[in-house]
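S.K.: Sharing a structure here in structure tokens format.
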Amino acid sequence: MHDDIYSITMSEARGIRNNNPLNIVKGCNWKGERPVLTDRRFEEFESMQMGLRAGIKLIKNHINGFNGRRRPCNTIRKLINTWAPPNENDTPAYIATVCQHTGLSQYEIIHSGDRRSIIAIARAMAYVECGVWLDPELFESAYDLL
């Protein structure tokens, strides 16, 4: 549906090329992965919806602490510090940007069942990761695939 727009206007960002706008690092066999992966570090998906689905699922897993196997990352501060650690990113700026665009405080508790907040967080994170705003409908349709 939107593939022509992506290939023309957003081809520069690695996360867009890989249909992985949250830049999920390889390490899991995700539903919707491309059959042949060429990126050495990041996952590649067959469609933007499948990449966003994986990102949203991963965000929810972090919030829940992977069903008790890890410490819950249930605030934007905890989530971003794990997702984009300071040794690789300007984590304070990342946190500030996500907070600014979601209207959430960095210390506010996030619930994994809060669809609106999860989508807002995922959309803001994709913006930070790729430098472009993606259509909100993509996040809605990706969430519906969970």
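The values are calculated or read from the model by the stated rules, or taken from the named source; none is laboratory data. From a predicted model like this one, the values you see are computed outputs, not experimental measurements. Here Cβ is always computed from backbone atoms with ideal geometry, including for glycine, and neighbour counts include all displayed protein chains.
S.K.: Checking Cys73 against (1) touching a His at 6+ places or on another chain (Cβ under 7 Å); (2) modelled with pLDDT under 95: exactly one of these is not met. Which one?
M.R.: The one condition Cys73 does not meet is (2).
S.K.: Just name the residue that is nearest to Leu145 (Cα to Cα) out of those in segment 1-37 that are modelled with pLDDT under 95 and of a type in the set (S, T, N, Q).
M.R.: Result: Asn29.
S.K.: Can you tell me which residues in segment 47-73 are buried (at least 16 other Cβ atoms within 10 Å of the Cβ) and more than 16 Å from the chain's Cα centre (by Cα)?
M.R.: Of everything in segment 47-73, just one residue is buried (at least 16 other Cβ atoms within 10 Å of the Cβ) and more than 16 Å from the chain's Cα centre (by Cα), namely Pro72.
S.K.: Right, next: Going residue by residue through segment 104-113, is there one that turns out to be touching a Leu at 6+ places or on another chain (Cβ under 8 Å) and closer than 15 Å to Leu58 by Cβ?
M.R.: Yes: segment 104-113 contains one or more residues that are touching a Leu at 6+ places or on another chain (Cβ under 8 Å) and closer than 15 Å to Leu58 by Cβ.
S.K.: Can you name every residue in segment 102-127 that is free of Cβ contacts under 8 Å to residues at least 40 places away in the same chain, in a helix (DSSP H, G or I) and aliphatic (A, V, I, L, M)? Outline the logic, then answer.
M.R.: The first filter runs over segment 102-127 and keeps only residues free of Cβ contacts under 8 Å to residues at least 40 places away in the same chain, leaving 102-109, 113-117, 120, 123-124, 127.
Remaining after also requiring in a helix (DSSP H, G or I): 102, 115-117, 120, 123-124, 127.
Listed by number, the residues that qualify are Ala120, Ala124.
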